[in-house]
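Have a look at the structure below, then the notes.
The values are calculated or read from the model by the stated rules, or taken from the named source; none is laboratory data. Being a predicted model, the structure only gives us computed values, none of them experimental. All Cβ positions, glycine included, derive from the backbone under ideal geometry; neighbour counts span all protein chains shown. Heavy atoms of the whole protein, side chains included, go into the accessibility calculation; ligands, DNA and RNA do not. Shrake-Rupley method; radii C 1.70, N 1.55, O 1.52, S 1.80 Å.
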Amino acid sequence: MSAVKSIAVLTSGGDSQGMNAAVRAVVRSALYFDIEVYGVQRGYQGLLNDDLRPMDLRSVGDILQRGGTVLQTARCKEFLTAEGQQRGADVLRSRGIDGLVVIGGDGSYQGANKLSKLGIKTMGLPGTIDNDIPFTDSTIGFDTAVSIVVDAINKIRDTMSSHERASVVEVMGRHCGDIALYAGLASGAETIIVPEVPYDMKEVANRMKSNFAKGKRHSIVVVAEGAAKGVDVAREITNSCGLEPHVTVLGHIQRGGAPTAADRILASQLGDFAVHQLMAGESAKACGIISGKLVATDIDTVVNSKKPFNMDLYELAIRLSQ
Ligand code: ADP
Ligand code: F6P
Ligand code: MG
């Protein structure tokens, strides 16, 4: 016996590749178990506008491989208020919906937590490219974003090597350096600058200079936007050692395009897991995968914890990029 008969799903905050795959998994798993399922358009904003539509099997056809989110996403100030949250819960209740799957980042999780305190069973799925959600090894979209950055750095490196130039590549990650770290390691960047590790610009500049002295034909710095702006890093390098690095800001290209197979699989597993958790009567849980195991952690714990930075990978990247 399922604890829920009717559920809804929404995407919220910044989008990420694989959100569609997660929506598809929630819808198809729910329907498989004879649970009615609604799609909420534009996140919490759509919830407050009562912008919900019933989803059937075909409504999520041909979206598994697409970036963006067919449900669209939004940031909603009104939902930050207690009145907004109450109205959101009332809208769901008036339609007989007793569970909600929220696909988004830490802010969206907070919203789900509030709704759970108003009697709606909620599940959070980590939909963000930043990989800044703890209690899951990876967030949905992270692997795709890293692949995009690696592909871009490969191309930048080709032309930098031809001209023996230095380069600074700015990537996304407001509070979390994982995109810079993983893409930097995977592309052999000489320097990785992240918000989690203090850095000394003089040292970065010296390293660049000595890379060329050692016979390297390029020197690439990957910087997470949350640590510094690419143009500022380049200016400081110029002031410190005279090199004039070229700057590339990858921007929103990192958040679009087809999700990788890994993100599609992660999204599919997590979407299905969220439905199972709701059926079992669970609420206010954040779904994740840790070392291959599906886990549901209290949202309270997740939003009050910080994802630990992988210092081993950071040090490995330094060792290997000499
Ligand atoms: P993300 O989910 O990617 O972190 P945001 O932080 O912008 O993105 O949050 C998305 C939306 O979630 C916000 O626009 C707001 O509607 C809702 N939200 C964020 N924080 C809270 C909160 N503390 N309480 C209730 N709702 C919240
Ligand atoms: O989704 C997270 C993120 O990609 C951050 O890394 C970035 O700073 C931010 O979103 C930008 O989002 P937007 O342009 O939607 O405000
Ligand atoms: Mg956030």
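Things worth noting here:
- Computed on the Cα trace of the range 143-256, the radius of gyration divided by the Kirkwood hydrodynamic radius gives Rg/Rh = 0.94.
- Extending 7 Å from Cα along the Cβ direction at R87 and again at H252 yields two label points whose distance is 2.6 nm.
- Length gained on full extension, I318 to N154: 57.2 nm, using 0.36 nm per residue less the C-alpha separation.
- Long-range HN-HN contacts of V247 with modeled amide H, under 5 Å: V168
- Computed from Cα positions, the angle between helix 106-117 and the longest principal axis of the chain comes to roughly 20 degrees.
- Ranked by the mean number of other Cβ atoms within 10 Å of their residues, highest first, the peptides 150-156, 196-202 come out as 150-156, 196-202.
- The chain has equivalent-ellipsoid semi-axes of 42, 18, 16 Å, by the square roots of 5 times the alpha carbon gyration tensor eigenvalues, sorted largest first.
- Carbon + sulfur, % of accessible area of the chain - ligands and nucleic acids excluded, 1.4 Å: 50
- The length gained by stretching the chain between D56 and R75 to full extension, at 0.36 nm per residue less their Cα-Cα distance, is 4.2 nm.
- The range 289-322 and the range 119-183 have Cα centres separated by 14 Å.
- Surface accessible to a 1.4 Å probe, R87 within the full protein complex, Å²: 100
- The 1.4 Å probe gives accessible areas that order D15, D62, largest first, as D62, D15.
- With all protein chains kept in place, the per residue accessible area of the chain amounts to 43 square angstrom at a probe of 1.4 angstrom.
- Estimated FRET transfer efficiency (E236, M1; beta-carbon r; R0 45 Å; 0.05): 0.10
- A straight Cα-to-Cα reach below 23 Å connects K121 with the lysines K5, K77, K285, K293, residues fewer than 8 places away in its own chain not being considered.
- Charging the Cβ of each Asp and Glu at -1 and of each Lys and Arg at +1, and nothing else, the dipole of the range 57-150 about its Cα centre rounds to 440 debye.
- Rounded to the nearest 20 debye, the dipole size of the chain about its Cα centre is 260 debye, using +1 on the Cβ of Lys and Arg and -1 on the Cβ of Asp and Glu.
- Here the label points at S94 and H175, each 7 Å from Cα along the C-beta direction, are separated by 3.3 nm in the simple model.
- Calculated FRET value between Q269 and D34, using beta carbons and R₀ = 22 Å, to 0.05: 0.55
- For L100, residues with placed amide H under 5 Å, excluding near neighbours: A8, K121, T122, M123
- Label-to-label distance for T301 and S162 is 5.3 nm, based on points extended 7 Å past Cα in the beta-carbon direction.
- Of the peptides 76-82, 5-11, the order by per-residue mean of other Cβ atoms within 10 Å, starting with the highest, comes out as 5-11, 76-82.
- Within the range 143-256: Cβ-based charge dipole about Cα centre, in debye rounded to nearest 20 (Lys, Arg +1; Asp, Glu -1): 320
- The sum of -39500 (n - 2.57) across all DSSP H runs of n ≥ 4, divided by the residue count of the chain, sets its helix-only mean residue ellipticity at 222 nm to -13000 deg cm²/dmol.
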